[in-house]
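Student: I have a structure here, written as structure tokens, and I will follow up with some questions on it.
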Amino acid sequence: MYEDVPGRLPAIQQIHLHIERGEIFGIIGHSGAGKSTLLRCVNLLERPTSGSIRIDGEDMTALNARQLQVKRRKIGMIFQHFNLLASATVAENIAFPLKLAGTGQAEIHARIKELLELVGLQEHAHKYPNQLSGGQKQRVGIARALANHPDILLCDEATSALDPQTTNAILALLLDINRKLGITILLITHEMQVIRAICDRVAVMEKGTIVETGKVLDVFLQPQHRVTKDFVGQVSDLTDRAGHTNLQPSDPSGTVIRITYIGAKTYEPILFETVKSTGVSFAILQGTISSMKGVPYGQLVVQLSGGTPGEIAEVTGKLKQEGMDVEVLVP
């Protein structure tokens, strides 16, 4: 709750999330949706007025100050604006949480070396933050967050202050860290491209509540909520921001369908094989093939012509039997 002049204003409410160990989970929403508040509730930088936050079965809200301090060492956090110590070197910034934890000097030196190699900053150990680029600063922030061997990494708009090329490099680094170390990553963003690049699942927030959640591929290819469609429209070249195709059929009597496909069938001639035994012909109006974390996917917008209504229904039915998702855009 946030205190307001008339009373108390809920920042987030009715949030129910279960995040699997080792996955990359994204939370997306516009400014003011409540995503930063939700993220900060995980390590109790914001304490919820009701409900519980359980990590490995342990309720964070039930811990005393000392227990919470210990638990937080296993939850790393990286920030939008880096939050580095300006008067400390790269090595000293990475060492800071280790010193707070009472780690021995020899172990600190070894850990700094290990982390500098992990984030690709071996040659920058003795530089100060003002001598680094934005991407390098964020790499220092990531190394610092990993210093105490955390199980969870919280990312608060970690790439929104970076240019697109640097953003891609940081996302690749986070994905590499997740795969190598098995760390659970929870990130918030207002960019669907970030979600599509590295996340396994996503929750979409609006006005302090979650309006849609699911596997990224499912949410991206079949958005249900208006806000989700808006975000998908940021990165989709097939749909407008409302989720509908902008194309018009060249044959006014034709039926226009959208075919969505995922996995190995992306590269199979399923559409051709389906129509060749009927009187139906097809024209591809638009299409794309891409991949998400190594899984191929895509969509075709196709005009079906020349057949009877029954034959066109037969084609769409067979496509569905093959595991395709088929949506009629223009009947």
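The values are calculated or read from the model by the stated rules, or taken from the named source; none is laboratory data. Nothing here was measured: the structure is a model prediction, and the numbers come from that model. Every residue, glycine as well, gets a Cβ built from its backbone with ideal geometry; the counts of neighbours run over all protein chains shown. Note: areas computed on protein heavy atoms with side chains; ligands, DNA, RNA excluded. Shrake-Rupley method; radii C 1.70, N 1.55, O 1.52, S 1.80 Å.
Student: Taking segment 196-231 as the search range and keeping residues that are buried (at least 18 other Cβ atoms within 10 Å of the Cβ) and in contact with a His (Cβ under 7 Å, 6 or more places away or on another chain), which one is farthest from Gly32 (Cα to Cα)?
Tutor: Across segment 196-231, the extreme among qualifying residues is Glu212.
Student: In segment 185-195, how many residues are among the charged types (D, E, K, R) and either part of a strand (DSSP E or B) or buried (at least 24 other Cβ atoms within 10 Å of the Cβ) (or both)?
Tutor: 0
Student: Among the listed residues Leu84, Leu100, identify the single one that is open to solvent by 70 Å² or more (accessible area, probe 1.4 Å) and more than 21 Å from Ala203 (Cβ to Cβ). Can you show your working first?
Tutor: Details: Leu84 fails: open to solvent by 70 Å² or more (accessible area, probe 1.4 Å).
From the options Leu84, Leu100, the qualifying one is Leu100.
Student: Let me ask something else about it. Within segment 20-37, is there a residue that is open to solvent by 60 Å² or more (accessible area, probe 1.4 Å), outside any loop (DSSP other than H, G, I, E, B) and under 19 Å from Thr189 (Cβ atoms)? It would help to see each step written out before you state the result.
Tutor: Of all residues in segment 20-37, those open to solvent by 60 Å² or more (accessible area, probe 1.4 Å) come to 20-21, 30-32.
Of the ones still in play, those that are also outside any loop (DSSP other than H, G, I, E, B) are none.
Checked segment 20-37: no residue is open to solvent by 60 Å² or more (accessible area, probe 1.4 Å), outside any loop (DSSP other than H, G, I, E, B) and under 19 Å from Thr189 (Cβ atoms).
Student: Of all residues in segment 268-281, count the ones that are closer than 16 Å to Lys320 by Cβ and touching a helix residue (DSSP H, G or I) at 6+ places or on another chain (Cβ under 6 Å).
Tutor: Just the residues of segment 268-281 that are closer than 16 Å to Lys320 by Cβ, to begin with: 268, 270-271, 273-275, 278, 280.
Now restrict to residues that are touching a helix residue (DSSP H, G or I) at 6+ places or on another chain (Cβ under 6 Å): 274-275, 278, 280.
Number satisfying all stated conditions: 4.
Student: Moving on. What strands (runs of 3 or more DSSP E), lying completely within segment 251-331, carry at least 1 residues that are polar (S, T, N, Q) and surrounded by 18 or more Cβ atoms within 10 Å (Cβ to Cβ)? Quick ask: steps written out before the conclusion?
Tutor: Values: elements: 255-262, 281-292, 295-305, 325-330.
Because the criterion is at least 1 residues that are polar (S, T, N, Q) and surrounded by 18 or more Cβ atoms within 10 Å (Cβ to Cβ), the strands (runs of 3 or more DSSP E) in segment 251-331 that meet it are 255-262, 295-305.
Student: Which of the residues that make up segment 128-153 are within 17 Å of Thr89 (Cβ to Cβ), part of a helix (DSSP H, G or I) and not small (Gly, Ala, Ser)?
Tutor: Matches in segment 128-153: Pro129, Asn130, Gln131, Gln136, Lys137, Gln138, Arg139, Val140, Ile142, Arg144.
Student: Are any residues in segment 132-181 on the phi > 0 side of the Ramachandran plot and at pLDDT 95 or above, and if so, which ones? If you could, list the steps in order and put the result at the bottom.
Tutor: Of the residues in segment 132-181, the ones on the phi > 0 side of the Ramachandran plot are 149, 157.
The answer is His149, and nothing else.
Student: While we're on this one: Return yes when Lys99 is farther than 23 Å from Leu171 by Cβ and touching a Ser or Thr at 6+ places or on another chain (Cβ under 8 Å) and no when it is not.
Tutor: Numbers: farther than 23 Å from Leu171 by Cβ: yes; touching a Ser or Thr at 6+ places or on another chain (Cβ under 8 Å): no.
Considered against the rule, which asks whether it is farther than 23 Å from Leu171 by Cβ and touching a Ser or Thr at 6+ places or on another chain (Cβ under 8 Å), Lys99 comes out as no.
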